[in-house]
Amino acid sequence: MLKTATILPLTGIIGAEIQGVALNDLVRDNDHATAKALCNLLTEKKVLVLRDQHPDHETHIGIGKLLGTLAPPQPMYPKVDGYEDIIIVRNDDNNPPENEVWHADMSYLSMPVFASVLHGVHIPPAGGDTLRVKWQPGTVVIWDNWATQHFSCGDHYPSFREMQRVTVGAPF
């Protein structure tokens with residue numbers, strides 16, 4: 001599937017937007033060959049953006065499992081009901097943005113996690129982007145946490161924003 005995809009650079013140095021890959025199909029078909037190609041592209045480009053994906057919860061977890069072993073659930077984050085592997089990152093009147101710094105997800109662990117698979121569930125009409133990605137509903141971004149950091153701008157606050165994250169502990 002990756003052979004027929006269009007891969008566009010996000011910047012001259014880091015990141016790629018991938019067009020023509022349906023993550024739902026990748027998971028449904030248990031397509032390890034394409035997942036391995038995505039993982040290789042991730043280690044090369046450090047950030048992958050896939051638009052118009054809208055994965056359901058099983059697909060979101062399945063994407064992470066195709067990339068590697070999932071990180072253990074972390075008790076400090078809220079989870080999607082019934083899905084302990086999906087962390088909710090929500091900003092609203094009661095939850096202002098707290099990560100307005102360059103960071104790699106879960107870097108406090110003794111063995112930092114390999115990748116984060118972040119799904120933009122509810123995106124405000126303006127603001128709330130990371131410095132490399134302009135978010136739209138249904139966008140999925142995969143970060144190589146071993147090699148890059150990201151910065152979430154809180155300029156959307158107090159508008160509602162919800163992201164859901166699956167964390168890959170180690171690649172296959």
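Descriptive notes on the structure:
- In the stretch 17-47, residue surrounded by the fewest Cβ atoms within 10 Å (Cβ to Cβ) [restricted to those that are within 18 Å of Pro137 (Cα to Cα) and polar (S, T, N, Q)]: Gln19
- The stretch 125-152 - residue that is in a strand (DSSP E or B), of a type outside the set (Gly, Ala, Ser) and buried (at least 20 other Cβ atoms within 10 Å of the Cβ) and, of those, modelled with the lowest pLDDT: His150
- The stretch 1-93 holds helices (runs of 4 or more DSSP H) entirely within its bounds, and those carrying 3 or more residues that are touching a residue at least 40 places away in the same chain (Cβ under 8 Å) map to 32-45, 57-67.
- Flag for Leu50 being crowded, with 21+ Cβ neighbours inside 10 Å, at pLDDT 95 or above, under 14 Å from Trp146 (Cα atoms) and of a type in the set (A, V, I, L, M, F, W, C): no
- Condition check for Asp155: modelled with pLDDT under 90, part of a loop (DSSP other than H, G, I, E, B), surrounded by 21 or more Cβ atoms within 10 Å (Cβ to Cβ) and on the phi < 0 side of the Ramachandran plot: no
- Of everything in the stretch 53-93 that is more than 17 Å from Asp144 (Cα to Cα) and hydroxyl-bearing (Ser, Thr, Tyr), the residue that is surrounded by the most Cβ atoms within 10 Å (Cβ to Cβ) is Thr59.
- Extreme residue, farthest from His54 (Cα to Cα), among residues of the stretch 102-124 that are at pLDDT below 85 and more than 17 Å from the chain's Cα centre (by Cα): Ser110
The values are calculated or read from the model by the stated rules, or taken from the named source; none is laboratory data. Predicted model only: the values in this text are computed from it and were never measured. FYI the Cβ positions are ideal-geometry reconstructions off the backbone, even for glycines, and counts take in every protein chain you see.
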